[in-house]
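Here is the structure we will look at.
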Amino acid sequence: MSFEPRFSLAARRLEDTGPDLWQVHMQAMQRLADGEDIIMMSVGDPDLATIERIIEHAVTSLYRGRTHYSPGMGELDLRQTIADIETQASGKLTTPEEVIIFPGATNAVYSVLCCLLDADDELIVAEPTYIGYQGIFQAIGAQIIKVPCKAEAGFALDSSAIERAVTGKTKALLLNTPGNPAGNMIPGDQLRYLANFCLENNIWLICDEVYSMITFERKHISARTAATSLENVIVIDGLSKSHAMTGWRLGWTVAPVSVVEKLLNFTSATIFGCSQFIQDAAAFAMQNDGEYIQSITGEYKTRRDYACERIEKIEGLQCQKPEAGMFLMVNVSEVAEDGLKFAQGLLAEEGISVLPGEGFGAITKNYVRISLNHPVEELEKAFDRIEKFVS
Ligand SMILES: Cc1ncc(COP(=O)(O)O)c(C=O)c1O
């Protein structure tokens, strides 16, 4: 008898990738590897290098022998640093017992959802939805209820639509502010309202805030800062974007102790602790990043302003100025059948890779997402080509 490979439902769900929205990106990567002049604007990986002092700290830590297992919750120094920052930002005393470290925000979201949801439970998410959640949703298998944002209002979150989406099976609401892809920020009073609404309806509020440190005109307001009561509030953040540390894999969750206890059981079973030297470097980064964060947000703001100015001058393209993050959502409905066709054409004719908006939901089918992961000189070249393509 021959062996017949049989796989779990989760593994099979993960095979269903839907429309191939990474196809343009993959083709672009191949052409880049073949030596072609391709400009990659399809991913959210900062072009900036992690600053040297952080790297030096990690190396010193490695030489100090910080190469062993770490506590499941994470290193106390890092958790205390995060708790102190949280206390200062929210005005609510936060202790290290409310902080748990993960190898990246993606893993934090996955772990949180695994600890909260069963297959029958409903999770409400706003659309456009960060494309990276898709695989997590498929892995956990819960029911995902998508609530469209108001596209005409800069993809503002529609609280009443969220309230209408709640059923007896709703267990959690997952928000993302500042948002990927649209760079929209949920106002504090709306967050407070939703946190209270969720509390009254016995629903968890999970808030992914990985762009919290890259904001332009006004400061980020965390769900923990906004909420009146923290009983049902779980916040996720990380260093990938703010500190250009995507490859270091460092994220965290701040949540009520009862949630952290469940997360510790989960992560002890699945991760068994994050790297010591990376946590040392992360703590150092967060303790010494004041000027750095200022300079990085200044850089992204310059890029955003330049890119928006260029788009404004290209007839047929529209873009609302993002308030935060490192992306632009560009409406291409006047010049292409949809975002996918636009992205395919732009790569084929001008060698530029952007992400079709459909990856974030049906609401952004006629959009493409452009990453601002290039300095202005490179953006100039990219927008010259985009202008040529559109005209
Ligand atoms: C909203 C959002 N959450 C999470 C992540 C992933 O973060 P990490 O690198 O910490 O896993 C991203 C990356 O693009 C993101 O945009």
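Taken together, the values in this text are just the output of simple stated rules run on the coordinates, not laboratory data. This structure is a prediction, so every number in the text was calculated from the model and none was measured. All Cβ positions, glycine included, derive from the backbone under ideal geometry; neighbour counts span all protein chains shown.
Measure off 7 Å from each Cα along the Cα-to-Cβ vector at A362 and Q27, then give the distance between these two points in nanometres to one decimal.
2.6 nm
Could you pull out the pairs from K321/K388; K301/K381; K219/K301; K171/K262 whose alpha carbons sit more than 20 Å apart here?
Table pairs above 20 Å Cα-Cα are K321/K388.
Between A269 and I55, 0.36 nm times their residue separation minus their Cα-Cα distance comes to what?
Full-extension gain reported as 74.1 nm.
Kirkwood Rh over Cα pairs of segment 298-360 into Stokes-Einstein at 10 °C, 1.306 mPa s: D in µm²/s?
127 µm²/s
Select from segment 148-244 those trypsin sites (Lys or Arg not before Pro) which occupy a DSSP coil region and have at most 15 other Cβ atoms within 10 Å, ordered by residue number.
Hits after loop and neighbour filter: K169, R218, K219.
Please compute the Cα-Cα pair-distance distribution of segment 194-292 with 10 Å bins starting at 0, giving whole percents from short to long.
13, 39, 35, 13, 0
Between G72, G91, G357, which gets the highest mean-square fluctuation from a Gaussian network model of the chain, Cα cutoff 10 Å?
Looking only at G72, G91, G357, the biggest GNM fluctuation is shown by G91.
Relative contact order of the chain, please, whole-number percent, based on alpha carbon pairs below 8 angstrom and at least 6 residues apart.
In percent, rounded to a whole number, it is 23.
Taking the chain as a Gaussian network, Cα atoms linked when under 10 Å apart, which of G154, G325, G183 shows the biggest mean-square fluctuation?
The residue that fluctuates most here is G154.
Compute the label zone of H68 within segment 242-278: residues whose backbone N is under 16 Å from the point 7 Å along Cα-to-Cβ.
Correct set: 273-278.
How would you classify the chain from its alpha-carbon gyration tensor, with a ≥ b ≥ c the square roots of the eigenvalues: rounded for a/c under 1.5, else prolate if a/b is greater than b/c, otherwise oblate?
rounded
Taking loop as defined by DSSP and a crowding limit of 14 other beta carbons within 10 Å, which GluC sites (Glu not before Pro) in segment 303-345 fit?
Passing sites in segment 303-345 are E315, E334, E337.
Any chance you could run the full-extension gain for T87 through F7? It's 0.36 nm times the residue separation minus the Cα-Cα distance, nm to one decimal.
Once the chain is fully extended between T87 and F7, it gains 24.3 nm.
Describe numerically, in nm with one decimal, the distance between label points set 7 Å from Cα along Cα→Cβ at Q318 and at L14.
With each label point 7 Å from Cα toward Cβ, the separation is 4.0 nm.
What FRET efficiency comes out for T167 versus N288 if R0 is 45 angstrom and r is the Cβ-Cβ distance? Round to the nearest 0.05.
With a Förster radius of 45 Å, E is 0.45.
222 nm [θ] for the chain, helices only, -39500 (n - 2.57) per DSSP H run of 4+, per residue, to 500?
Helices in the chain give a 222 nm mean residue ellipticity of -13000 deg cm²/dmol.
Take every Cα pair under 8 Å in segment 67-287 that's 6+ residues apart, average their separations, divide by the length, and report that relative contact order as a whole percent.
29 percent
Counting other C-beta atoms within 10 Å, and keeping those with at most 15, which DSSP coil chymotrypsin sites (Phe, Trp or Tyr not before Pro) do you find in segment 283-330?
Counting only loop positions with at most 15 other Cβ atoms within 10 Å, none of the chymotrypsin sites (Phe, Trp or Tyr not before Pro) in segment 283-330 qualifies.
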